[in-house]
Each structure stands twice: as C-alpha cells, then as structure tokens.
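What follows is one structure encoded as structure tokens, with my remarks underneath.
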Amino acid sequence: MHTGPLMGSGRTADVYALDGPWVLRRYRDGIDATGELAVLSYLAASGFPVPRIGPPAEDALPTDLVMQRLTGPTPAEALLAGTTTEAEGAELLARLLRELHAIPPRLSQDPEDRILHLDLHPENVILAPEGAMVIDWLTAGEGPPALDRAMSSLILAQVALDPSFPARARVRGLLAALLPAFADDGGVPAEALARATALRADDPQLTADELAVLDEAAELVTSLTG
C-alpha cells in the first residue's frame, strides 16, 4: 500500500493519504497505537460510529494505524460556518457520549465502568455522509461515565477562556447548552470535574496557556452547571 502525501498533523500524530479508501495515522514520539487499535475494533464490533480499521502495511510500525478516510466537516467547522447551532452541537456531543456509555467495558470488571473517550470535543467528530463518526481514541480508557462528561465540559471551557480563539463566545454557548443536555445522564458531579481537572493538569500535551486557565475553566463549568 503506497503512502501518499501528508494530509494533516495534530498534537501527537500525522495523517498520510493511502491507496483507496484509507489513511495512515502515524504517531510521533514513539507513541504505540496498539491500545487504540484494540479499542476501535471493540467499538466497531459494538456498533459505535468509529472509522473502519484497514489492512496494516507490510512495514507497519507500532505507531501506525490504517483507517477509513472520512469526508465531511467537524462540528467545530459547522458551528463556525453557521450550518449548525450551539444547541445542535451540544445535543450531538451528549448523544454520542450517551451511546458510548451504553457499551460495556472491554477490560474492567466493575459493572459501573464504561468505555471513555476522554477527549470528545467538536474537533474529534467528523460529520460524514453516513453519520457522525468519532475519531482520536488515543486517550480512551475505562471508568465512570461522569468523568467523560466532565472532561468534555472542561476542554470546552478551556477553549472558551482562550483569548486567542476568535469564536470563544460560540464555544461558551456550546458549553452552556451541553451541560443541561448532560443532566438526564447524571450531569457533571463535582468529584468527576475535580478528577478531570487533575488529569488535564498532568497531560504533557497541554500548552502553558491551556494549563494557565485550567482552574478557571473548572470554575466556569461549575458556574454553568447551576
């Protein structure tokens, strides 16, 4: 399978075009994709909307994932373009987490635990023709669903407090719509928000500016939770 040109880069990985309907996601800094592959395979078998896993290349590295090439905007792009509203974006994120948390854990023996994405925000969803697809499962884990809701809320709050982000007011509106959408699922309890804040504080991928607003972001989530 021929590796084509670079299509995009994120904080931890680069994405390259491949032959046919596939792309190669290659992590930098020696990050092993084996765990993410296992989670994606499990979720796909459970019917959750994730990209299909493709055939590995003969010279595949532990850092590589071959997956379905998706087309379509992210909810973040749709929000900025005005083709979706904050309320619609919030309902989508809440629905995706609700559906994810209906799936039993893959490894945990705790019956209350579920698969957690732990980085679900409007840039990690693709509005593909076949429906919304959730991407970027590197941080996925297992645990209480409230932690996932807290993490998504906290990430949005950090962006809403970023003075360099031109659409931060719309992100705040999205967050304000998301928290009530979480209410029927158990909301964002204080202990889950505290744990999410601690996990974000220990995340080596966060920038100094993101860390600087972390406590204020947690306060914003609390204030909007009511």
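Worth pointing out:
- Neighbours by Cβ (under 8 Å, 6+ apart or cross-chain): first from the stretch 136-165, among the acidic types (Asp, Glu); second open to solvent by less than 10 Å² (accessible area, probe 1.4 Å): ASP136/ASN124; GLU142/ILE115; GLU142/LEU116; ASP148/LEU97; ASP148/LEU100; ASP148/LEU116; ASP148/HIS117; ASP148/LEU120
- Among the residues of the stretch 108-131, those identified as in contact with a helix residue (DSSP H, G or I) (Cβ under 9 Å, 6 or more places away or on another chain), farther than 22 Å from LEU79 by Cα and either in a loop (DSSP other than H, G, I, E, B) or among the hydroxyl-bearing types (Ser, Thr, Tyr) (or both) are GLU112, ASP113.
- Residue in the stretch 92-106 that is touching a Gly at 6+ places or on another chain (Cβ under 9 Å), closer than 28 Å to ALA212 by Cβ and either at pLDDT 95 or above or among the acidic types (Asp, Glu) (or both) present: no
- Some residue of the stretch 25-34 being touching a Leu at 6+ places or on another chain (Cβ under 9 Å), modelled with pLDDT under 95, among the charged types (D, E, K, R) and open to solvent by 60 Å² or more (accessible area, probe 1.4 Å): yes
- Flag: GLN205 matches the condition of being open to solvent by 50 Å² or more (accessible area, probe 1.4 Å), closer than 30 Å to ALA33 by Cβ and either part of a helix (DSSP H, G or I) or among the polar types (S, T, N, Q) (or both).
The values are calculated or read from the model by the stated rules, or taken from the named source; none is laboratory data. Note that this is a predicted model, so its numbers are computed, not measured. Note that we place each Cβ from the backbone using ideal geometry, even for glycine, and neighbour counts take in every protein chain shown. Just the protein is used for accessible areas: all its heavy atoms, side chains included, with ligands, DNA and RNA removed. Shrake-Rupley method; radii C 1.70, N 1.55, O 1.52, S 1.80 Å.
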